[in-house]
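The values are calculated or read from the model by the stated rules, or taken from the named source; none is laboratory data. Computed from a predicted model, the values in this text were never measured in an experiment. Note: ideal-geometry Cβ built from the backbone for every residue, glycine included; neighbour counts use all protein chains shown. Please note that ligands, DNA and RNA were not included when accessible areas were found on the heavy atoms of the full protein model with its side chains. Shrake-Rupley method; radii C 1.70, N 1.55, O 1.52, S 1.80 Å.
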There are 4 protein chains.
Amino acid sequence: MFDVKKQIHEYKERQRDRGRLLVSCSDRPGIIAAISRFLFDHGANIIESSQYSLNPHGGEFFIRVAFECPELALKKAQIMSEFQEVADRFSMDWKLHLVSELKKTAIFVSKERHCLRELLWAWQNGDLMTDIALIISNHKEAKDEAEALNIPFFYMPASRENRAEVERKQLRLLAENDIDLIVLARYMQILTPNFVSSYPRQIINIHHSFLPAFVGARPYERAYQRGVKLIGATSHYVTNDLDEGPIIEQDVMRVDHRDDVDDLKKIGRNIERSVLIRAVKWHLEDRVIVHGNKTIVFS
Amino acid sequence: MFDVKKQIHEYKERQRDRGRLLVSCSDRPGIIAAISRFLFDHGANIIESSQYSLNPHGGEFFIRVAFECPELALKKAQIMSEFQEVADRFSMDWKLHLVSELKKTAIFVSKERHCLRELLWAWQNGDLMTDIALIISNHKEAKDEAEALNIPFFYMPASRENRAEVERKQLRLLAENDIDLIVLARYMQILTPNFVSSYPRQIINIHHSFLPAFVGARPYERAYQRGVKLIGATSHYVTNDLDEGPIIEQDVMRVDHRDDVDDLKKIGRNIERSVLIRAVKWHLEDRVIVHGNKTIVFS
Amino acid sequence: MFDVKKQIHEYKERQRDRGRLLVSCSDRPGIIAAISRFLFDHGANIIESSQYSLNPHGGEFFIRVAFECPELALKKAQIMSEFQEVADRFSMDWKLHLVSELKKTAIFVSKERHCLRELLWAWQNGDLMTDIALIISNHKEAKDEAEALNIPFFYMPASRENRAEVERKQLRLLAENDIDLIVLARYMQILTPNFVSSYPRQIINIHHSFLPAFVGARPYERAYQRGVKLIGATSHYVTNDLDEGPIIEQDVMRVDHRDDVDDLKKIGRNIERSVLIRAVKWHLEDRVIVHGNKTIVFS
Amino acid sequence: MFDVKKQIHEYKERQRDRGRLLVSCSDRPGIIAAISRFLFDHGANIIESSQYSLNPHGGEFFIRVAFECPELALKKAQIMSEFQEVADRFSMDWKLHLVSELKKTAIFVSKERHCLRELLWAWQNGDLMTDIALIISNHKEAKDEAEALNIPFFYMPASRENRAEVERKQLRLLAENDIDLIVLARYMQILTPNFVSSYPRQIINIHHSFLPAFVGARPYERAYQRGVKLIGATSHYVTNDLDEGPIIEQDVMRVDHRDDVDDLKKIGRNIERSVLIRAVKWHLEDRVIVHGNKTIVFS
């Protein structure tokens, strides 16, 4: 644990002057010139810039600019206030993130812990730069792993009957901890529309199929029945349409007739964990933009 | 063309003594002993043997044995007659194929010719050992390619109105040519139940999605709308349930937010042709066994 | 053939106002601001922009900007002259390409034609926007394919003995045709340093191994001997160090113990053609920048 | 830990009657008939059978037969004694393994623990059926993980100076624990020929490159220098030729110009752990046969 804290501290020091600007507006000439001029005038150097336009003639335009600016933390308020003028000129939606202000993450998990473990492992290795504030589970299995890393663990058994009450407690806990991101790491409870709408585009789920194939329950059983030759997993933002939210990442692995349902589950676990990790990592790095029901991923 | 004929002739000479025995029955001890003893007693050497059992205790058992037997063509009738005794003992379903008796294939194609071209190319390279007896199309685009290889080409415009009449002509043509396999290489016409039932497990289609995602029309458009991060193609035997037949092979490729519907189609064409080729090749080599609505592929 | 010409004509019309600016210089604040301001001032809208910096503090910086500018062809000379001022300020290396000014390509091929065919096929499909000016071969096999598409074909048998004489003829032919890009589509002759230095970073080769494994001759035989479980192909710019030039693209496919050398060659052909196509396409779209002995690919 | 023990116990119970017969000899007719007849006569049912022949006319022939035989443990000695007659007839090399007699494994690890963790994780999940008898390391980092699972951990600092002495202790420890398999899970010490020859074809290493590319030290640094577009990992049996032993499994992942050496290492860790797990799993299931410097993997 000491290592993780030290590692995070060093990362924040190293990235102290780094920021990320995310902008969307209608495409027209001059947007990049305006943004890059603004950054230059404020002493910033652009490190990485990615953009995408649905249509250069007035379609929606998206840009993510990573930059370095000496004394960024001190200047942040002023930069934000002055950028509003540029934003107004182009009717921009925009956000400025300081890399050193880590997002606070809550992980929800049920019995199966492979995704949780992969997240914790990547986190310990410095591959997921976030503050894992707490782990919530409707089972006790993950308690030891959480505590070994000094992450507060909350056992909250949930069922159809007590859902409203449990979600109320969960929302309170999330609010108290200023949670920015909720990762459903194989959390097998349904979330109500009320819960979901409290964290729009901030809840990432891993579904154990190659969506839109096998929406809903028991995807491996249904994949087996259908006789598919590849199985997959999909990481997506949670919306109130089951398994219909914006897809962030997907992947597949090959299976064959010899694989029974248990084999599919074992193979699937490897896909699930790598797909979820990539999706969470990209989200934490502000690389994912949701547009309608789709994502733009500046990976 | 001379090359193809010569190549096929040489292949048949080389494989003159090769046979493939396909057997299915309820699993119990002694099946392999009986088959291998039978082959040994008839002077055959087993070259390759693959098997699969749904359950060793009485589940369905499947085996494909490739063997070499001097003077196989001469002995075939006798071998078949004598194997029936073994088959009766175990209540086997079985088939014996001589490798040198090439399957006769008809290719159906519409406007898009990438799958046809890949098939013809593989065939010229000696990668698809079959007798391509004819090409049928509801468009004229493929005429030149067929004729350049001296393959009879039949232009048969089809529509909802003349479907019955056209299928009658097609079935006559297929029968006259003793067709064993029909490959739908992006043939965009619906086949009637009557047609399909004339060639059970003998019609291979390529569907331009990762089934069961995007069953039916316009899969690339729908994949684009859904915002998937991988697109796929599926080769399957045609049954009377649209896109629901036994899957032989599937594959996918990565796409991203920048790919529009035309890009998905271009990327998809590469998946379609490689998936179809593999499925057809495995079928021609008697590597595919249909069991219920699934396939066992001894690849 | 009519189709290809028409298709190219339409593409050029459609892309008439599109340009690509490629710049490299030492990284420091203000570069993107200067470029984007310049383009805005000249009425251009940035369509796509990719950049990479080896080190934000003075490391080499690379940018590719695709833009749209009304009447670009007319304004080109003026834009170039005026951009020189910006370039001087930052000591930039730079190039401006008009998308409608297609590169002129020569394809070199020997006996194996799978790469040639894939190139011609992609070209006919509108996936490779170039003017294929001629095909040169030391064998006659490809003659028919070239002529079917009205591409001038030059049969130039080459050997160690006549290499100097043949290369002299080839260079003359290439010069007469204003060739911008030479694609070695499985051309099995060695090129002399003199030839290579005439087309620096303009000759793309496909090597039939996953470099740096199996540099040199007979890679599939050596892969078989070593018992590798994946085989690959590599597309790279040709330099005078055999198989050591900057790598543009690589890929692999799985093989197993049953695959003999001929199987490896067949599997390998599929990798070779897809790897070469991607490399050529990226080069034609000005997406590849060579830096030292490595490439930056803005794919 | 209780879980792992219970899980292993249940597995052994479930597999009590399962055996695996591995045979190699010169190919000729009658081998499979003889083996399958023998098994049938001893009341065994063949569950899975895989074979490979270098050449049906007298080349080396290999077969792996998994079977079920009631009371196998009791009958083992008799079966082995009687099979020797069959073996003599065909001059077979052969081995009989009882599935319930788990191999005893020792894991060697240095500082980097991603491969160790993956092994332990798979083991806890019931995906690696072995008795992990001990972990040896020249560093202390892995101590906690070993002890959390009650696996004896031996800290044995090694260097050029004390190598002989350390290996002597290690060999004694391995002998005392009847070790069948040594897994080098990123163990960064050289083993002497004496050590290696004590465990022929029983030491599995993971090399962090796509062999034969980047044999030896610092492969990621060299991959970065060469500008490859894919990086890989290779699992192989250790011989006294550095990184030249029989390859069991390999895989690769895509990288690009933006990835520096640290990125390659991070990406590489994911390849290393999945490649090593597959190799170890196949070895434990007696699916790997070494022939010369190559492997036959009946996966």
(message) Suppose we filter C:D262, C:D243 for residues that are free of Cβ contacts under 8 Å to residues at least 40 places away in the same chain and surrounded by 16 or more Cβ atoms within 10 Å (Cβ to Cβ); which single one remains?
(response) C:D243
(message) I want to confirm something. Restricting to segment C:111-136 and keeping residues that are in a loop (DSSP other than H, G, I, E, B) and within 11 Å of chain B (Cβ to nearest Cβ), which single residue is least open to solvent (accessible area, probe 1.4 Å)?
(response) C:G126
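Each row is one residue, and each column tells you yes or no for (1) open to solvent by 30 Å² or more (accessible area, probe 1.4 Å); (2) closer than 28 Å to A:S274 by Cα; (3) touching a helix residue (DSSP H, G or I) at 6+ places or on another chain (Cβ under 7 Å).
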residue	(1), (2), (3)
D:S91	yes, no, no
D:I107	no, yes, yes
D:N138	no, no, no
D:P157	yes, no, no
D:N162	yes, no, no
D:E167	no, no, yes
D:A175	yes, no, no
D:I179	no, no, no
D:P200	yes, no, no
(request) Go through segment C:12-29 residue by residue and tally those that are in a loop (DSSP other than H, G, I, E, B) and either open to solvent by less than 30 Å² (accessible area, probe 1.4 Å) or polar (S, T, N, Q) (or both). (result) 2
(message) I want to confirm something. Restricting to segment D:53-71 and keeping residues that are farther than 22 Å from B:G59 by Cα, outside any loop (DSSP other than H, G, I, E, B) and open to solvent by less than 40 Å² (accessible area, probe 1.4 Å), which single residue is nearest to the other protein chains (Cβ to nearest Cβ)?
(response) D:S53
(request) Could you tell me which of the residues C:S100, C:S50 is in a strand (DSSP E or B) and either open to solvent by 10 Å² or more (accessible area, probe 1.4 Å) or within 29 Å of B:E112 (Cα to Cα) (or both)? (result) C:S50
(request) Determine, yes or no, whether C:R163 is modelled with pLDDT under 95, of a type in the set (K, R) and out of contact with any strand residue (DSSP E or B) (no Cβ under 9 Å at 6 or more places or on another chain). (result) yes
(message) Can you tell me how many residues within segment D:244-272 are within 11 Å of chain C (Cβ to nearest Cβ) and closer than 21 Å to D:I190 by Cβ?
(response) 5
(request) Return only the number of the condition from (1) without any contact (Cβ under 8 Å) to a residue 12 or more places away in the chain; (2) within 18 Å of B:D27 (Cα to Cα); (3) more than 9 Å from chain D (Cβ to nearest Cβ) that B:R37 does not satisfy. (result) (3)
(message) So if I check each of D:I151, D:I206, which one is open to solvent by less than 10 Å² (accessible area, probe 1.4 Å) and assigned to a loop (DSSP other than H, G, I, E, B)?
(response) D:I151
(message) Name the residue that is least open to solvent (accessible area, probe 1.4 Å), counting only residues in segment D:181-198 that are more than 14 Å from the chain's Cα centre (by Cα) and among the β-branched types (V, I, T).
(response) D:V196
(request) Please indicate, with yes or no, whether at least one residue in segment B:212-227 is open to solvent by less than 20 Å² (accessible area, probe 1.4 Å), polar (S, T, N, Q) and within 14 Å of chain A (Cβ to nearest Cβ). (result) no
(message) Quick check on my filter: what residues within segment C:116-131 are more than 13 Å from C:A185 (Cα to Cα) and free of Cβ contacts under 8 Å to residues at least 60 places away in the same chain?
(response) C:W121, C:N125
